[in-house]
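First up is the structure itself, then whatever we jot down about it.
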There are 2 protein chains.
Amino acid sequence: MVPRILNAPEGASPLLHLERQILDASSEIEHWFRSQWLSHTPPFYASVDLRNAGFKLSVVDTNLFPGGFNNLSEDALPLAVQAMSAAVERRCPDVRRFLLIPENHTRNTFYLTNVARLAALLQQSGLEIRIGTLIPEITEATPVTLPNGKTLVLEPIIRSGNRVGVKGFDPCGILLNNDLSAGIPAILQGLEGQQVIPPLHAGWSVRRKSQHFACYSKVVAAFAERLQIDPWVLDPYFATCTEVDFHARSGEACLADQVSTMLTKIREKYALLGITQTPYVVVKADAGTYGMGVMTVKDASEVTNLNRKQRNKMAVVKEGMQVTDVLIQEGVPTLELVDDAVAEPVVYMVDRTVVGGFYRVHAERGPDENLNAPGMKFAPLAFDESCMQPDYASHPDAAPNRFYVYGVVARLALLAASLELEQGRP
Amino acid sequence: MVPRILNAPEGASPLLHLERQILDASSEIEHWFRSQWLSHTPPFYASVDLRNAGFKLSVVDTNLFPGGFNNLSEDALPLAVQAMSAAVERRCPDVRRFLLIPENHTRNTFYLTNVARLAALLQQSGLEIRIGTLIPEITEATPVTLPNGKTLVLEPIIRSGNRVGVKGFDPCGILLNNDLSAGIPAILQGLEGQQVIPPLHAGWSVRRKSQHFACYSKVVAAFAERLQIDPWVLDPYFATCTEVDFHARSGEACLADQVSTMLTKIREKYALLGITQTPYVVVKADAGTYGMGVMTVKDASEVTNLNRKQRNKMAVVKEGMQVTDVLIQEGVPTLELVDDAVAEPVVYMVDRTVVGGFYRVHAERGPDENLNAPGMKFAPLAFDESCMQPDYASHPDAAPNRFYVYGVVARLALLAASLELEQGRP
């Protein structure tokens, strides 16, 4: 199924034109990606949030520690296994044992189901997997029963010299499914002879969305030039403010300026293209995740008139991390609907391959709001057709074609992430 | 669905023990394959015929120019696209244009549907594809209508200097889906700057099954040693006779000797293991294909008492090629049944990945007969579960596990084929 797109009567949408261009150039595009991967290493895995506005199709967030593998449809799993095998083979063909380090959410069984899924996929790709937890309270192997009746065993991580493992298990690779929001734990610092994947500097204590989007802009610029399209169609404007303190209300002037400037830029662009939507920007923590610390703003005055509750919400993100660096990003309304609820596609990639995705759906949110919020649901069946099998004979709007295009745009972010990690290498 | 296995009551079959061993060692096995692919390049694609006797599970034929991609289930296609992308990336990342050279069967619409499927998969993996034919009568682009209503355009191959192409299309890679039974055509000899895949010496004018099975025995020996199993369980005995002339009845003594010796060996092995089946051998052209030039023999006297019809059948294979080299191979009865008809699994691989498979089914043949014969059918749904997702918690007989094991054995032949092509390199 392809979700309905609001306000986009067939044939009238400029996006269909973009989709047609991408389909027509698919061999050129695949060739270009292949050549990019000769000099850049993709992240082991990533998921990206896309927004399809009808007139614009853009990545709005890239997650290098994707949860939600349990949301993927069964059809996606063999692809994920194949891509994980390829990723392991390319990085560390000698590796046989992986330690998987998940987030510290022991009570979030939804997340733990993701961990179990991930462990199963890694095992099926031919690795021995054990799960090592950073939770200090877990001092011995602890089985956790999942909603599906299966059991996941969390084990305390043991450091011996410059290596980590769990009892009786000395892994060659460490796969992080923990975004290190709380900082890089001492136990993982200074490891030798063990590859940490993704690298430690991919964690949120180091990573900045603005660096990602700077890389994304570069990638999109090169891609757009090849396809002779306006890069703006794929790339949201962004700006940053640093040294913001929402509690102390310092840095508000920077925020108001940036918001105002960006709204003007969007307004001008919309006017030029005859787009009648109301421009908005999204203000979010430059290092935040989990949909925390995100607000939609339609006027600069909104950021200077935050009430206490709003300020509290913006000031602190996951693991109690204080927000000082703020990203101001052009808002891209999502015009996709699943069962009359606003939806945005989330695309999952492993190594250089799109393995699947789903729709994040929120019945109580508007098309210009953050959907990654309590009450969100997932429509895992939406991507049951492959992202890799465009049907050249069909309309650009046909499911395999729309999903192929989503996969191409998602891979632009994947390439951006690889540039970002190269630049950030300590 | 897993086909029923005849005469193999649950838990009683030695094969279940082998399947359990393979499942338990899967991370070791995957690691071993990864390390093998570091020093060997898998064929671009291959299909293998397996036979599961309950007490023995063996490859009996390996095809380096697989047709029948149209028999694969829809679920297999994204995996095939992903594997083809990886194959292209590894061999020739700069390549964008592939010329696909099919067999010269213009009237076999079943085969042409395979060509169309293959072309679509290659296109989806990001290549520009044109189809160049070796048929001398085709002197201009010729559309052929397929049973599904789609059109395939066959174009005459044009040689310019040391390159080949079709009108207006200078390809970087040449993908052969033509087994070159009739010899290596002059138009493909001495090419420069164009990679021919598989290499010309993979064609049946050069290739010998006996060389393949010699390599297969080596691979199985190494694998069996790792797993501490009897290699015979995976590896059929084989022997050869050269300078056989079925018409002139020369070489019959060699055949009778080899058949007799092999039947004795099988009889001894069966006695040792308490197997009550009747031993048989398969006599086949060492360079034959399409199921032509194959006979089942249970007694040496059968090869010295061939009637004219049988001799005609054995003497000539595809493209009128005369048979002089003969392979004598231990017969492996297939004990699998699909809808009460005898069945054998055919596993398809692209690059190093098992992408799918199906059952070849023949209602009028016995468990010890060649099923690749007129009247055969295909059960494409049988492999709809993945070959890459063993379910460790289930019985070895469960579909994902049986198919995983089939995929492992098929990959032993894939590795054998890569050794074979290395050795045969001119």
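The values are calculated or read from the model by the stated rules, or taken from the named source; none is laboratory data. The model shown is predicted, which means the values in this text are computed figures rather than measured ones. Neighbour counts are summed over all protein chains in view; Cβ atoms, including those assigned to glycine, are modelled from backbone coordinates with ideal geometry. For the accessible areas, the whole protein counts, side chains as well, though only heavy atoms, and no ligand, DNA or RNA atoms are used. Shrake-Rupley method; radii C 1.70, N 1.55, O 1.52, S 1.80 Å.
Under the condition of being within 21 Å of residue A:121 (Cα to Cα), away from chain A (no Cβ under 11 Å) and touching a helix residue (DSSP H, G or I) at 6+ places or on another chain (Cβ under 8 Å), which residue from the range B:374-405 is modelled with the highest pLDDT?
Among those that are within 21 Å of residue A:121 (Cα to Cα), away from chain A (no Cβ under 11 Å) and touching a helix residue (DSSP H, G or I) at 6+ places or on another chain (Cβ under 8 Å), it is B:405.
How about the range A:146-186: which of its residues are under 28 Å from the mean Cα position of the chain (by Cα), open to solvent by 10 Å² or more (accessible area, probe 1.4 Å) and among the hydroxyl-bearing types (Ser, Thr, Tyr)?
Result: A:151, single match.
Surrounded by fewer than 17 Cβ atoms within 10 Å (Cβ to Cβ) and either in a strand (DSSP E or B) or at negative phi (or both): which single residue out of A:272, A:263, A:306 fits that description?
Exactly one residue qualifies, and that residue is A:272.
Would you mind finding the one in B:142, B:106 that is of a type in the set (Ser, Thr, Tyr) and over 20 Å from residue B:180 (Cβ atoms)?
Criteria check complete, one pass: B:142.
Please tell me if residue A:58 is out of contact with any Phe, Trp or Tyr (no Cβ under 6 Å at 6 or more places or on another chain), surrounded by 22 or more Cβ atoms within 10 Å (Cβ to Cβ), hydroxyl-bearing (Ser, Thr, Tyr) and more than 16 Å from residue A:344 (Cα to Cα).
When the stated conditions are applied, residue A:58 does not pass them.
Return the pair list, or none, for Cβ contacts closer than 6 Å from residues in the range A:166-185 that are closer than 19 Å to residue A:141 by Cα to residues that are open to solvent by 10 Å² or more (accessible area, probe 1.4 Å) and not in a loop (DSSP other than H, G, I, E, B), at least 6 apart or on different chains.
A:166/A:130; A:166/A:155; A:169/A:130; A:171/A:97; A:174/A:196
Could you tell me whether residue A:416 is more than 14 Å from chain B (Cβ to nearest Cβ), touching a His at 6+ places or on another chain (Cβ under 7 Å) and surrounded by fewer than 22 Cβ atoms within 10 Å (Cβ to Cβ)?
When the stated conditions are applied, residue A:416 does not pass them.
Has the range B:281-298 got at least one residue that is at pLDDT 85 or above, outside any strand (DSSP E or B) and surrounded by fewer than 18 Cβ atoms within 10 Å (Cβ to Cβ)?
yes
Out of the residues in the range A:19-38 meeting the condition of being hydrophobic (A, V, I, L, M, F, W, C) and either touching a Leu at 6+ places or on another chain (Cβ under 9 Å) or within 12 Å of residue B:94 (Cβ to Cβ) (or both), tell me which one is farthest from the other protein chains (Cβ to nearest Cβ).
My answer is A:22.
Examine the range B:309-327 for a residue that is more than 20 Å from the chain's Cα centre (by Cα) and closer than 26 Å to residue B:72 by Cβ, and state whether such a residue exists.
no
Starting from residues that are open to solvent by less than 70 Å² (accessible area, probe 1.4 Å), farther than 20 Å from residue A:27 by Cβ and among the hydroxyl-bearing types (Ser, Thr, Tyr), keep the ones in the range B:107-142 and report whichever is nearest to the other protein chains (Cβ to nearest Cβ).
The extreme case among them is B:113.
Within the range B:350-366, can one find any residue that is over 19 Å from residue B:71 (Cα atoms), within 18 Å of the chain's Cα centre (by Cα), modelled with pLDDT of 85 or more and crowded, with 23+ Cβ neighbours inside 10 Å?
Yes: the range B:350-366 contains one or more residues that are over 19 Å from residue B:71 (Cα atoms), within 18 Å of the chain's Cα centre (by Cα), modelled with pLDDT of 85 or more and crowded, with 23+ Cβ neighbours inside 10 Å.
Being farther than 24 Å from residue B:169 by Cβ, touching a residue at least 40 places away in the same chain (Cβ under 8 Å) and at the interface with another protein chain (Cβ under 8 Å from one of its Cβ atoms) is the filter here; which residues of the range B:66-105 pass it?
B:75, B:77, B:79, B:82, B:83, B:86
Is it the case that residue A:222 is outside any helix (DSSP H, G or I), closer than 30 Å to residue A:29 by Cβ and open to solvent by less than 60 Å² (accessible area, probe 1.4 Å)?
So residue A:222 fails the test.
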